[in-house]
Amino acid sequence: MNWQLPLMLAQTDSSRLEELRERTEAISMQGTTVPDSSLVREGTSNPFATEYWFPTQASSFAGEVDFLYMAVFWISLIFFVAIVGSMVYFCVKYRRKDGVIAPEPSSSHNTAIEILWSVLPSIILVWIFYVGAETWFEMRIPKENAEEIQVTAKQFGWLFTYEDGDQTNELHLVRDKPVRLIMQSEDVLHSFFVAAFRQKMDIVPGRYTYAYFEPIKDGVYRLSCNEYCGTGHSKMKTACIVHTSEEDRKNNTKWIEAEKTPFENGQRIYQIHCSGCHKVDGQPATGPALNLIWGKNERMIDGTTELVDEDYVLDSIWYPEKHIVEGYGPVSKMNSFKGILDQKDVDYVIAYLKELKDQSGDAK
Amino acid sequence: MAVADSHDTHDDHHDLYDHGEFIAHHFDSAEQQFDSGKLGIWLFLVTEILFFSGLFVAYTLYRTNHPEVFEQAHVFLNKYLGGLNTIVLLFSSLTMALGVRAAQLGRNKNCSIYILITMVCATMFLGVKAVEYSHKWDMGILVRSAFNLTYTHPTPTTEIGKALHISDYLVYLCVVPALLLAGFLVASVISKLIDKGTLAKFMIAMAITVSGYFLGVCIGIIFMNATEGETGSTHASVIAEQPLMLMASTQDDHAEDDHDDGHDHDDHDKAAADSNHEGEHADHEEHFGAHPADGGEASFDAHHPDPSTLSRDVGIFFSIYYCMTGLHAIHIIAGIIALAWLYWRSLLGHWRTDYFGPVDYVGLYWHLVDLIWIYLFPLLYLID
Amino acid sequence: MVDASTRQKLFGTPETNFLNCSKGWKSWAFTLDHKRIGIMYLIGVTVALFLAGVFALVLRSHLFTFDSKMLSDDMYNQMFTLHGAVMVFSFIIPSIPAALGNIVLPMMLGAKDVAFPRMNLASFYLWIIGTGCLLAAILSGKGLDTGWTFYTPYSIDTNTGVIYATFGAFILGFSSIFTGLNFLVTVNTMRAKNQGWFKLPLFVWSLYATAIIQVLATPVLGITLLMLIAEKTLHIGIFDPKYGGDPVLFQHFFWFYSHPAVYIMILPAMGVISELISVYSQKRIFGYSFIAFSSVAIALLGFLVWGHHMFTSGQSLVVTLIFSAITFTVAIPSAVKVFNWLATLYKGSILLNTPMCYALSFIFLFGIGGLTGLFLGALSTDIHLHDTYFVVAHFHFVMVGGTLTALLGGVFHWWPKIWGRMYNDFLGRVGCFLVFSGFNLTFFPQFVMGSRGMPRRYASYDPEFQIFHQLSTVGAFVLGLGILLSFVVLVYSALRGPRCSSNPFRAASLEWQSSSPPDFHNFIHTPVLTDPYDFESQVYDEELDTYIPREFANPAKVAPRKEPVHN
Amino acid sequence: MSDHHDDLPAFCHPVSTKLLFGVFFGLIALTIITVATSALGSALGMPPAFAFPLAMVIATMKAFLVCAFFMHMWWDKSFNVLAFLSSLLFVTLFIGMTMMDTGEYQPTIEAFDVNNLANVEVSE
């Protein structure tokens, strides 16, 4: 059984992204719709945009954002060339020759020109502000028919809950279907950022924040945490997959859902809830690694040892304060999952841990 | 040498008399020196106002967003004690202003008397504050994380506490002033013996100043008992005002648990922090608002469907209260130190009609401290 | 007219000066002389610059490959935090005002010292204590990993030395307030007789504007950090959401100081550039009053735009819109300054020596830094660029490209005044070239990365960004080399450089009327009040091989065509 | 209102004792008024909405008395007065902008509180 593929979900690296890209492309090809070249809508196409400078324009407003970016870029370039050009020209033309100080007489004050070069840029600035604000309203005020997805961020992972109650830790979307993310954080500040959508919003503990966008291009994009959140900040990345249709989304998420052995259910729970802090490659992270612990005698911070059995796992998930493994004290950094994971879920996790132990044992 | 930077740097400024001149070398005239110092102190007051502004912002925001919480919370503050303290501070401002006037006219003796009265008022203020603080700590009214209202005064455990029938916390708060008082008395005797007349005078004045603290404590206790009934009983008069509090008449002695040290809530806080803020939380909430209020609380319910949010926000009110009054008290203490320095220089007869800057500058600082209290008093004590 | 021996006494190289008038470490440690305090500050900020620079090089080396294992994630986080915190609080904020300003400002006013010399010394010691506390976070063995912004709730949750560091920053804040307060009073009450506000050099104006910010904004940082410490130790529930606090409120508190603080960093730099451009063009500065008032305008507008650091933070829509609109207004006074500098160069007599090279690179780099600010002020583009490498590049172009080059330019400009010795101008210019090119190489690729969506504060990144990071790392080492070379040139010249005269550059502001190095009391004679930008008022004196005010010159010997070549 | 002494330097303005005592009694009177209205206001039929503005108005009157006479602002250089008053402007700015913002996003906090408290009940 190839269990390694989903294992990589937690921390999506580039190869995983590539893999997902290939996979979704394959599904799209087989699927109902062929990627549509007229996706970039009228009015959002941008004559200046280059693939080199920007990520793909995958949201309805990405074109407008890039348009303003390029407009400001050209305005800045013109000003910059004018400033530096005249500076260099003056330095060459009026440089001091043979050490003889001989400035040519010229005025040192001219109110008209001062007003001119204050007012002219102001007009441009007003325009930039106006265009920026206009697009920004589009980015911040959601359409009424938007699909609502609950986003929970925590150190260092993502959990997306869809309207039908399904949960994933990669964001699955449907092309041309507006989305409103309702975001909350379990611990510190995080920030939702998908460069291809040009959308970004901090996730603030103790309240909800919202992000809105409409994906217009199918594909796999990088979703990253953009607000510094601690040790694993740079690992808090996942994939955002835009499917061509609702059907595709179902098909594409099903390959995880379909095989429902207890092990796989446990693995899935691990992906969603545990992988932010516990690794399965033997390396300690925020919490102990989980691959070899089953059946082991673990040393606690108070010097006692505890056998890792069913009871121990249940206690650790529901009452993390109870057993604190040596090296991870003085207090548990883990929140209780009582109320989130029920007895059955814990059984799945136990099945997963047992299997992991066997797998690792086999490897050795 | 510079005299203008009066209390920003507490260096020994009296060495200018060794040089026999009033004007620092880099100033051209007494007026330039005075103007510089005056502008300097005004700018310093500007920084002080902005320093306090952070707390005023926090106050305003939490008050705007949780108005009902502030109305619930203020009944724990005794407005008569607050009013008494206001009058004490205003009086100290008067004597300070008189002191400045005396210095301007070169009357060093008068000046020293006024400054002494000002210092006594300042310590009295702190004494009354100590009574207030200890009273609240007794009832478990602490900052947000340790807030654990019990409505009762635990029985004192220290010998002095038992004898005088006062709170343990108050006893702890009197330890440092008592040591200071003893120290100053010993110092005055010693300096008298070794024939340092001025120094002995100064030490006696300091002892008088510190006794002001105990005067404040006495007056505070009298006021407290007059307005809220004897210490050790429940506070019927206060509680009667609030139906909500009648609900939660939990009589447990939780507050006794943290009797170890009146200044240090670390243990308690750590416990709260360490348990992932879950278990402890629930505990606190039970004491205060777990029982929904009946009758007359409809408006409150509309704002907060679950009263357990109330407990949390009352704690925030007291966090802000302690931050504001605590920072103010630190400023009072700094002011006393600056005043003591002025008193010493008055004894040496430094002030002249063309050189009185330091008294003026410290005076301005003292009035600012008063000014801040003028606003803190209605904001914290008089909200209904 | 004054006779030759008097001129020699007034403007020559004196036997005793502020450097050798007293000896022993105590004469420095307890000095109240603004020049000595300024030099100690200069040494202090140089140490801070090297320290923070080493942190920067370490983290740039780590980022050389996308999957680098050189530092652990925790170590990387600590490196960028310490780099940011030390650079901002210990280096940039005190650099120009407290080091150069301290030395030059009282002399520009013809004063003997700042208004409160003891407070000035206290400010320096507070700087030492504050920097010590910042570094105590490392020595405590825990490090500091919050980012220099100490955002809650991470700063409350993390186990690292946040309390040391915040306390250090709190102390450094007071050091900064003391400097600012001192300068405000000094400029107000200690100007030379008849020296009106519009006879002040523009550097003084910019320091005055800076001081306004220091006095008004820094106390808010103080209370913010105190409240953060209280939150961390007592859990008062104002910033910590676990106790009902509001993390966005912390950001408001923090940026109410830290945005104006950006202008504490750049305004003095602009002042230095105004001086350099006019002196080395030998032309009256163009639009004096516009530059002067633009400094004050930037200082005041700087208080109205702090919310632009919070466009994606969960700040409300209406406030975001207001802050964005006001942000654009700050661009105007900045642009006015640049245009006026260009107009000053026009028809000047431009000398391309080391300080002038730094001034010209300032215009180039600040131009990029300022213009890229437009992308970040506009709401829609900022959402994309916020907290990416684009922002990192933008503020480095302003703070390093702006402040650091201006600091170096200013140091090279006033160095002969401070030590009475001249540096090797060729090596100085080589240093400037290295700084300029290394800087561009370091930070320009970061604009591209940011536009492509590379988030900041990432210990590892996607392979597609590797080439940009590699360019950036190479650039950082070139930049480091340039700074090192400038440092060597300066130190060597202070010790072994050829003696130089009191006013080798024909500058007209008052500090050049003292001998080099200046007397302990700054001026042996009461300086003759001249217009700081009337270079004709300085005439060449052959005997002294220097420029002196016309009032002191021997009319028979004034020979404007026979002037020295300092190249 | 300051005393005139011919032998004093120009920058020395002693304030007459009479004035100082007058200001002090004014301050005491205002303090008593503010405590009295707070304690008895509702009994006397004062609308509760008035209590806070009234307390602030009285506090500001007291602050004016202290500033003008105890702190000699009445006679001080206008620059010093300006510097001091400008600080209030910046405090207003600080309070105003943050208040506007937090007021706007308060519903997102309230909604979060409501949901989270509901969750707690469900889990227990």
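Read the figures in this text as sums done on the coordinates, not as results from a lab. All of these numbers come straight from a predicted model, not from anything done at the bench. Here the Cβ positions follow ideal geometry from the backbone for every residue, glycine too, while neighbour counts run over all protein chains shown.
Within chain C, what's the longest run with no trypsin sites (Lys or Arg not before Pro) in a DSSP loop and at most 14 other beta-carbon atoms within 10 Å? Give the range, please. Longest run free of exposed loop sites: C:194-560. Here the calculated FRET efficiency for B:THR227 and D:MET100, from their Cβ-Cβ distance with R0 = 41 Å, stands at 0.55, rounded to the nearest 0.05. Which of rounded, prolate or oblate describes chain C when judged by the alpha-carbon gyration tensor and an a/c cut-off of 1.5? Prolate, since a/c reaches 1.5 and a/b exceeds b/c. Counting only whole DSSP H helices of chain C, the ones at least 15 Å long by C-alpha along their axis and with mean Kyte-Doolittle hydropathy no lower than -0.5 are C:34-62, C:117-139, C:162-189, C:202-234, C:247-281, C:288-301, C:317-345, C:354-377, C:405-419, C:425-451, C:466-496. Between the range D:25-41 and the range A:186-239, what's the alpha-carbon centroid distance in Å? Measuring centre to centre over Cα atoms gives 55 Å.
State the Cα centre-to-centre distance between the range C:190-235 and the range C:510-537 in whole Å. So the two Cα centres are separated by 27 Å. Pairs to check: B:LYS129/B:LYS162; B:LYS79/B:LYS109; A:LYS154/B:LYS136; A:LYS338/C:LYS232; B:LYS38/C:LYS193. Give those whose C-alpha atoms are more than 29 Å from each other in this structure. With Cα atoms farther than 29 Å apart: B:LYS79/B:LYS109; A:LYS154/B:LYS136. Shape class of the range C:1-72 from the alpha-carbon gyration tensor: prolate, with a/c at 1.5 or above and a/b greater than b/c. Of the peptides B:175-181, A:58-64, A:171-177, B:52-58, the ranking by mean beta-carbon count within 10 Å, highest at the top, reads A:58-64, B:52-58, A:171-177, B:175-181. Relative contact order of the range D:1-76, taken over Cα pairs closer than 8 Å and 6 or more residues apart, is 30 percent. Evaluating kT/(6 pi eta Rh) at 4 °C and 1.567 mPa s, with the Kirkwood radius of the range C:272-390 over Cα pairs in the Stokes-Einstein relation, gives 82 µm² s⁻¹. Distance from the C-alpha centroid of the range C:1-49 to that of the range C:54-72: 42 Å, rounded to the whole angstrom.
Across peptide C:171-179, the mean count of Cβ atoms from other chains lying within 10 Å of each residue's own Cβ comes to 2. Projected onto their three principal axes, the Cα atoms of the range A:262-363 cover extents of 34, 34, 23 Å, largest first. With an 8 Å cut-off on Cα pairs and a minimum separation of 6 or more residues, tell me the relative contact order of chain C in percent. So the answer I get is 18 percent.
The shape of chain D comes out oblate: with a ≥ b ≥ c from the C-alpha gyration tensor, a/c is at least 1.5 while a/b does not beat b/c. Eigen-decomposition of the gyration tensor built on the alpha-carbon atoms of the protein assembly as shown gives equivalent ellipsoid semi-axes of 53, 48, 27 angstrom, largest listed first. With a threshold of 30 Å on the Cα-Cα distance, the over-threshold entries among C:LYS199/C:LYS347; B:LYS196/D:LYS77; A:LYS177/A:LYS333; A:LYS200/A:LYS250; B:LYS201/C:LYS23 are B:LYS196/D:LYS77; A:LYS177/A:LYS333; B:LYS201/C:LYS23.
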